[in-house]
Amino acid sequence: MEAIPSQASGTLWSFRLANGVARFTAGFKVIARNRLALVGLGLIIVGIFCALFAPFLVTHDPYEINIAERLQSPSFAHWLGTDFMGRDTYTRMIFGARTAFQVAIGAVVLGAMFGIPIGLLSGYFGRWVDMAFMRVMDSILAFPGRLLAIALVASLGGGLFSLYVAIGVNSIPSYARIVRGAVLSQKEREYVEAARMTGEADTFIMFRHILPNCMAPILVRLSLDFANAILTESSLSFLGLGFPPPTPSWGLMLKEVSPFLELQPWAAFFPGLTISLMILGFNLLGDGMRDVFDPRQYQR
Amino acid sequence: MNTGQPLLEVRNLTVEFQLKQGILRAVNNVSFSLAEGETLGIVGETGSGKSVTAFSILRLIPSPPGRIAGGEILFDGKNLLNKSEREMQKIRGSKISMIFQEPMTSLNPSYTIGQQISECYRIHLGDSRKVSRERAEQVLSSVRVPSPKTLIDRYPYELSGGMRQRVMIAMALACQPRVLIADEPTTALDVTIQAQILELLKELQEKFKMALIFISHNLGVVASLCNRIGVMYAGSLVEVSGKKSLFTKPLHPYTMGLLEAIPRPEHRDRPLTAIPGSICNLLDPPSGCKFHPRCFKAKELCKTEPPTLEKHSGENLVACYFPGE
Amino acid sequence: MSMLEVRNLTKYFNLTSGLVGRLLYGERTLKAVDNISFSIEEGALFGLVGESGCGKSTTARLITRLVPATGGEVYFQGQNILALPKKEVRELRRHIQMVFQDPYASLNPRMRILDIVGRPLTLYHGVTGRKKSAQVGELLDLVGLQPDQMNRYPHEFSGGQRQRIGIARALATRPKLIIADEPVSSLDVSVQAQVLNLFKRLQRELNLTLLFISHDLNVVEYMADVVAVMYAGKIVEAADTSDLFTHRLHPYSKGLIASNPSIDIHADIRKLEILRGEVALPINPSSGCRFEPRCPIRVERCKAEEPPLESKRPRHLAACHEI
């Protein structure tokens, strides 16, 4: 039994690299087949782009106050008009993407980071572990989502971290439940029995065998969660509990503009539209993501 | 009733499925006939097209993605493919009936057995509730279930697999059809229960003088019930022979292979003669005879021109250039 | 010393759930495997045959410790493996491996064949990298697959090929005993023949001991040296294969073998001795013989007294009062 000579192993590595690239492009092709998912992806990419490159995309300073030019309609100088303090709406919209994504990423990561392992442990070990975790999840679920978020923000004070916690905690039970359900259905499947027969440790089976086969619902949930996080942040800001003024936040912009809606009806239009588009984008992408992770999509 | 003319005649039936990857031809130019009261078995493995053929007779192929791309299905001389959906509904369950492999999914879990059987009488014969219930009881006793009177009010989940299959047979026979199509009805059952069901089918077939098309992947099962057996491979009928001829003098190399592959205790000391390879990709089948890549007799001719099903001897048909020993 | 000796192996499942269930339905116990004993010689192919609910699959999972047993002992090369602490069970799996029924469900759809077959090599022989690929290649070759396919995923293979992959995985740890749970039941006849041939060849070449579970009598008669017939959690008959099929003693074996559809052209379904009634599930079974409700030769004694499995002919055991 000889080891493969080094030349061949070089080929093996390049094969692996090529394989990895091939899989990525194959994955992309699957999304590409679903046109709506592509639209969703496009919307999100635009949003992320704005968030990342905000300073290079804007025409004004988001904080620059110019009372003389307040509440103007869209014009050449101000592409989307100005708000009640004379700040350029377009600029604040772009920076709004930054705040929205900042919060969304943190909150979603927090929710998934806790929810997924809880679901795995609950589903895999069952019995009292399951009961204990699920009761905790139930207590979180007992609160109406927005109410819980409000209560948490109020008690933790303002700031980015409290927003993470407020929005993230809400989604922990969803991940836990989804993963737990998926684990329960996968646990009795023969490939798990086979893995136990090959002597795999429990943690290995949970994370490397079962979890990848649960990715589909997790990813869909992730997308929906992003959407939800953005919406919640906007709602909290709208209520004055999120980012404090003068932070450019879409929700805050809606709040600021509400007394003036009679004068400037479309001032609410743009932030509202962007929130809707972002949420739509994540929803569409969620559907597409599910297809990517279904190995049967790749059948010849 | 026409004598001389076959009861059911399938001519050049072709069924295709439109898939993302291309067009899959599940049934390719299949022709056979069924006389009044005759028992025909159709044997094939996965991908042979036997179930699709059966479903096509009753036009139960979901379309899209499937479609009947060609051929005729003559029942009593009239082409079923030309009939409207309404006309087909009158035929299904009353003139031509079908029983399926999984009785649990074929029975509606929300209705009692009695309700489901009575439905056949109410729809096809226009019977009243009372009359149809009586008839349901009668047909249940003819499929030899214990205590039909109590069973009639039970739900499918309360019954075992064998019992459910009997109920399905009862439903299929309710209106005394002239043709019964059985698609792998015993595959999901235990061996001893299977024997009971096969015995029942044989008895009922003889009693009601029904024509029977029995589809299975198991040659032994088909042998116990059918006088004539057709063998399908990758969408085509490769051989149709009488029971005796098929087992003693198989004509097509695939049939020979199937018979050789059945484990027999006499041959314990040597390996089973397995057919090499596996079934071709139906989306991109090989040229010529679809069996040629696995055939021990394959010659140049087999790779270019697909053979047609032709008379060989007596009643036996085969689609091969080099049939027999 | 026999390779595997099973003594009084028992597994009961408690079906009642919760207080309400208990009040409404009473205690319901599924005695899936009830006090069975048998032994397998080294290098033999032992067939375990029965219909659904007889306990044959549960037996397999009890022996491999995938499911905890309620009672009894299983001696593997003299050592009671049911008494082993959890840590040592892993070591045990080096010697006892399993091949599963469903070729579509027993392979992780997300893992490449290289990893599916290679993991046991890494875990038990510490083999990684190039050595691992080389050995996986050898194993694939041994089961009749192309080694260069190891980077593919299970869905790219046919049912028969996947089953071969499962066999390759089971062979990776170089086990002495392989338990095959209905390994060919999901396969077409022509593919089944290929896999059966493979099993026989491997058994010969590697001197494997096999516990072969099936409901298909043709397969068992062809493959096995010794056969045990199970019904409702109990072994009702056990003998050398040719003996059992020629001199079927137990009425259930008779009925089972008679029900087997054969391609004998003179067979007529009505002439077979068909068993009546349903296949029994051993839920709260009676204290008598479990086959009694269906038995054509039953007497009063059978209802009350369970017949022991004892020798009725040389090397031929049966559990029946009437033979």
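The values are calculated or read from the model by the stated rules, or taken from the named source; none is laboratory data. From a predicted model like this one, the values you see are computed outputs, not experimental measurements. With ideal geometry, Cβ positions are generated from the backbone for all residues, glycine too; neighbour counts draw on all protein chains shown.
Scanning the stretch C:93-119 for residues that are over 23 Å from A:Val183 (Cβ atoms) and assigned to a helix (DSSP H, G or I), which turns out nearest to the chain's Cα centre (by Cα)?
Selected residue: C:Val117.
Please verify whether the stretch C:88-96 includes one or more residues that are of a type in the set (Val, Ile, Thr), at the interface with chain A (Cβ under 9 Å from one of its Cβ atoms) and closer than 30 Å to C:Asn218 by Cβ. Working first, answer last.
Taking the stretch C:88-96 first, the residues of a type in the set (Val, Ile, Thr) are C:89, C:96.
Keeping just the survivors that are at the interface with chain A (Cβ under 9 Å from one of its Cβ atoms) gives C:89, C:96.
Next, from what is left, pick out any that are closer than 30 Å to C:Asn218 by Cβ: C:96.
For the stretch C:88-96, residues of a type in the set (Val, Ile, Thr), at the interface with chain A (Cβ under 9 Å from one of its Cβ atoms) and closer than 30 Å to C:Asn218 by Cβ: present.
Right, A:Phe226: of a type in the set (A, V, I, L, M, F, W, C), surrounded by fewer than 19 Cβ atoms within 10 Å (Cβ to Cβ) and part of a helix (DSSP H, G or I) or not? Write out each step before concluding.
On the way: of a type in the set (A, V, I, L, M, F, W, C): yes; surrounded by fewer than 19 Cβ atoms within 10 Å (Cβ to Cβ): no; part of a helix (DSSP H, G or I): yes.
Taking the combined requirement at face value, the residue does not satisfy it.
Only one of these conditions is not met by C:Leu249: (1) at pLDDT 90 or above; (2) within 14 Å of chain B (Cβ to nearest Cβ). Which number is it?
For C:Leu249, the exception is condition (2).
If we scan the stretch B:216-227, do we find a residue that is more than 13 Å from chain C (Cβ to nearest Cβ), in contact with a Leu (Cβ under 8 Å, 6 or more places away or on another chain) and of a type in the set (Gly, Ala, Ser)? I'd like the intermediate steps shown before the answer.
So the first thing to find is which residues in the stretch B:216-227 are more than 13 Å from chain C (Cβ to nearest Cβ), and the list is none.
Looking through the stretch B:216-227, none of the residues is more than 13 Å from chain C (Cβ to nearest Cβ), in contact with a Leu (Cβ under 8 Å, 6 or more places away or on another chain) and of a type in the set (Gly, Ala, Ser).
Restricting to the stretch A:182-209, what's the tally of residues that are closer than 23 Å to C:Thr58 by Cα, of a type in the set (Val, Ile, Thr) and assigned to a helix (DSSP H, G or I)?
Taking the stretch A:182-209 and keeping what is closer than 23 Å to C:Thr58 by Cα, we get A:183-202, A:205.
Now restrict to residues that are of a type in the set (Val, Ile, Thr): A:183, A:192, A:198, A:205.
From what is left, the residues that are assigned to a helix (DSSP H, G or I) are A:183, A:192, A:205.
Residues in the stretch A:182-209 being closer than 23 Å to C:Thr58 by Cα, of a type in the set (Val, Ile, Thr) and assigned to a helix (DSSP H, G or I): 3 in total.
Residues that are farther than 15 Å from B:Ile213 by Cβ: which strands (runs of 3 or more DSSP E) entirely in the stretch B:9-85 hold 3 or more of them? Step through it out loud before you land on a result.
Working: elements: B:22-34, B:39-43, B:66-75.
Here the list reads B:22-34, B:66-75.
Here is a yes/no grid of residues against (1) modelled with pLDDT under 90; (2) within 12 Å of chain B (Cβ to nearest Cβ); (3) surrounded by 19 or more Cβ atoms within 10 Å (Cβ to Cβ); (4) under 30 Å from B:Met232 (Cβ atoms):
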{"residue": "C:Asn151", "(1), (2), (3), (4)": "no, no, no, no"}
{"residue": "C:His155", "(1), (2), (3), (4)": "yes, no, no, yes"}
{"residue": "C:Ser158", "(1), (2), (3), (4)": "yes, yes, no, yes"}
{"residue": "C:Arg162", "(1), (2), (3), (4)": "no, yes, yes, yes"}
{"residue": "C:Gly166", "(1), (2), (3), (4)": "no, no, yes, yes"}
{"residue": "C:Ala170", "(1), (2), (3), (4)": "no, no, yes, no"}
{"residue": "C:Thr173", "(1), (2), (3), (4)": "no, no, yes, no"}
{"residue": "C:Ile178", "(1), (2), (3), (4)": "no, no, yes, no"}
{"residue": "C:Val189", "(1), (2), (3), (4)": "yes, yes, yes, yes"}
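Residues in the stretch C:127-138: is at least one more than 9 Å from every other protein chain (Cβ to nearest Cβ), surrounded by 20 or more Cβ atoms within 10 Å (Cβ to Cβ) and under 20 Å from B:Cys280 (Cα atoms)?
no
For the stretch B:94-143, name all the residues that are of a type in the set (Gly, Ala, Ser) and closer than 17 Å to B:Arg166 by Cβ. Please lay out each step first, then the result.
At the first step, the residues of the stretch B:94-143 found to be of a type in the set (Gly, Ala, Ser) are B:94, B:97, B:106, B:110, B:114, B:118, B:126, B:128, B:132, B:136, B:141-142.
Selection gives B:Ser97, B:Ser106, B:Gly114, B:Ser118, B:Ala136, B:Ser141, B:Ser142.
Please enumerate the residues belonging to the stretch C:44-87 that are assigned to a loop (DSSP other than H, G, I, E, B), away from every other protein chain (no Cβ under 12 Å) and more than 24 Å from A:Gly199 (Cα to Cα). Lay out the reasoning, then the answer.
Taking the stretch C:44-87 first, the residues assigned to a loop (DSSP other than H, G, I, E, B) are C:44, C:50-55, C:64-70, C:77-78, C:84-85.
After this cut, where a residue has to be away from every other protein chain (no Cβ under 12 Å) as well, the list is C:44, C:55, C:68-70, C:77-78, C:84-85.
Those that are assigned to a loop (DSSP other than H, G, I, E, B), away from every other protein chain (no Cβ under 12 Å) and more than 24 Å from A:Gly199 (Cα to Cα): C:Ala44, C:Gly55.
So in the stretch C:27-68, with the set limited to residues that are crowded, with 21+ Cβ neighbours inside 10 Å and of a type in the set (Asp, Glu), which one is nearest to C:Leu244 (Cα to Cα)?
C:Glu51
If I go through the stretch C:206-219 residue by residue, how many of them are within 18 Å of C:Pro261 (Cα to Cα) and surrounded by fewer than 21 Cβ atoms within 10 Å (Cβ to Cβ)?
Going through the stretch C:206-219 one residue at a time, the tally reaches 3.
Filter the stretch A:159-188 down to the residues that are more than 21 Å from the chain's Cα centre (by Cα) and crowded, with 19+ Cβ neighbours inside 10 Å, then identify the one that is nearest to the other protein chains (Cβ to nearest Cβ).
Restricting to residues being more than 21 Å from the chain's Cα centre (by Cα) and crowded, with 19+ Cβ neighbours inside 10 Å, the top hit is A:Gln186.
Which residue out of A:Arg221, A:Arg146 is surrounded by fewer than 17 Cβ atoms within 10 Å (Cβ to Cβ) and closer than 29 Å to A:Asp287 by Cβ?
Values: A:Arg221 fails: surrounded by fewer than 17 Cβ atoms within 10 Å (Cβ to Cβ).
Exactly one residue qualifies, and that residue is A:Arg146.
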